[in-house]
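A.B. asks: Dropping a structure here in structure tokens format, bear with me for questions.
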Amino acid sequence: MQASQYPLSDPEASGIDTIKLNELLARARKEVDDGLLPSTQIALARHGKLIAFETYGDATNDSLYSVFSSTKAITSAAAWLLIQEGTLDISRRVAEIVPEFASNGKQDITIDQLFTHTAGFPHAPFRSTDWDDKTRRLERFAEWGLNWPPGSRFEYHPTSSMWMIAELIERISGTDFRTFVRDRIALPLGLPDLYVGCPEDQHHRITPVVHVGDPLTSEDYAKLGVPEPPVTEVTEAALLAFNTPEVRLVGVPGGGGIMSAADLALFYQGVAGAIPTGHRLWSAETLGFALEVRTGDLVDQMTNIPVNRALGVCVAGDEKRNFRGFGHLNSPTAFGHGGAGGQLGWIDPGTGISIGYCTNGHDRNGIRQGRRGISLSNRAADCLMD
């Protein structure tokens, strides 16, 4: 089944205000109409049903998108299944399961620190295509060093910690992590177009990543009164690598997911237990454990605002939730994970609404991109009928 064939439910029958929904869809289309983005795709779901699914620009509803760090929620949810089965204890040290990881001061890093970006090795290098070379993979794990003491601070790990979570999934389950995601999450949820590691026969459906717009200068950031973002591994060249067959096949666990916006929205419905079969993959107890905020008062280095990190996802929390990838109108219990280029994926247990938003146009103006995400999230969160 291709995403365009997923059945749509009547908005009003699902408690969705059609006027507000149309405002959300119009906002998703805006940058395409303005000539900034080559394509966008948006989906809204509630109570296990897809309410809206639209694609604008140079793509169709059969198109798939690289969702980048929105993949972290999917890889993490795979690990949650092992937690639920009692085979993954997040209080254990990583090196107890992956002894090759113990070198260079990493011996005391705990599994929960991998999920919360407090493990201390955010800048550890890894060539994606080395993953399938087992010898090289383990050599790289051993070579990694610490950037700061584990548990002492929060600093976003773009890919490094999720490589280790994928390794843990494989060692504990005895299954390739890509196969695990496919067999234990995508297919049971009825989402055959959700891939972490996309087969070549589907590559023709993937919209190519492009960069658009002009970047802000140091003077622009100073005028706005916001700090200039640091240089990380998430460079334009690194993102364009996701256009290559080799990287698409690897399925980078921290950023290589490929799917439609409908798959992303419905994945979150499945996490919350709202799927047509009524069978929960994650029990309410497991979900409660996974969504416990574990970062306390640790703050984001740029905003100095508490990060509210749970096991691989971010929880909306207080009135500063717009700094965490949500809208002001989301409830404090909303959770999810965004991705490079402005990808959005979250569910709000307060309303039952989930959203998937994808674009292949990565805006070099990070402020404009961030405002778009807040605007879309606000409109999606406010779609309930009065």
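A.B. asks: Expressed in whole Å with the largest first, what are the equivalent ellipsoid semi-axes of region 195-345 derived from the C-alpha gyration tensor as the square root of 5 times each eigenvalue?
C.D. replies: Details: eigenvalues 150, 135, 33 Å².
Each semi-axis is the square root of five times an eigenvalue, giving 27, 26, 13 Å.
A.B. asks: Tally the DSSP beta bridges in region 1-119 and give the antiparallel ones as a percent, rounded to 5.
C.D. replies: Given both bridge residues lie in region 1-119, the antiparallel proportion sits at roughly 90 percent.
A.B. asks: Let me ask another. Please report the orientation-averaged projected area of region 92-171, defined via the convex hull of its C-alpha atoms, in nm².
C.D. replies: Taking the Cα atoms of region 92-171, their convex hull projects to 4.5 nm² on average.
A.B. asks: Mind counting lysine pairs for me in the chain? Cα separation below 23 Å, and the two need to be 8 or more apart along the chain or on different chains. Mind showing how you got there, number by number?
C.D. replies: On the way: LYS20/LYS30; LYS20/LYS49; LYS72/LYS106; LYS72/LYS134; LYS72/LYS320; LYS106/LYS134; LYS223/LYS320.
Qualifying lysine pairs in the chain: 7.
A.B. asks: Please give the contour-minus-distance gain from HIS47 to ASP108: 0.36 nm per residue of separation, less the Cα-Cα distance, rounded to one decimal in nm.
C.D. replies: Details: separation 61, 0.36 × 61 = 21.96 nm, distance 4.16 nm.
Extra length from HIS47 to ASP108 when fully extended: 17.8 nm.
A.B. asks: Calculated from DSSP H runs of 4 or more alone, at -39500 (n - 2.57) each and per residue, what is the 222 nm mean residue ellipticity of the chain, nearest 500?
C.D. replies: Working: 13 runs with 122 residues, N = 386.
Value at 222 nm, helices only, nearest 500: -9000 deg cm²/dmol.
A.B. asks: Shifting gears a bit: Let me see the pair-distance distribution of region 321-386: every alpha carbon pair, 10 Å bin width, integer percents in order.
C.D. replies: Result returned by the calculation: 23, 56, 19, 2.
A.B. asks: Further, regarding this structure: Using a Gaussian network model of the chain with C-alpha springs under 10 Å, which one of SER70, SER283, SER39 is most mobile by mean-square fluctuation?
C.D. replies: Highest fluctuation among the options: SER283.
A.B. asks: Follow-up question, since we're still on this one. Could you give P(r) for the chain, binned at 20 Å from zero, as whole percent values over all Cα-Cα pairs?
C.D. replies: 30, 61, 8
A.B. asks: Please compute the modelled spin-label separation between GLU170 and ALA237, points set 7 Å along Cα→Cβ, answer in nm with one decimal.
C.D. replies: Distance between the two pseudo-spin positions: 2.6 nm.
A.B. asks: Counting Lys +1, Arg +1, Asp -1, Glu -1, what net charge surrounds GLY317 among other residues with beta carbon under 14 Å of its beta carbon?
C.D. replies: So the environment of GLY317 carries a net charge of -1.
The numbers here are math on the coordinates, done by the rules we state, and not lab data. In this text the structure is predicted, and so the values were computed from the model without any measurement. All Cβ positions, even for glycine, are placed from backbone atoms using ideal geometry, and neighbour counts span all protein chains on display.
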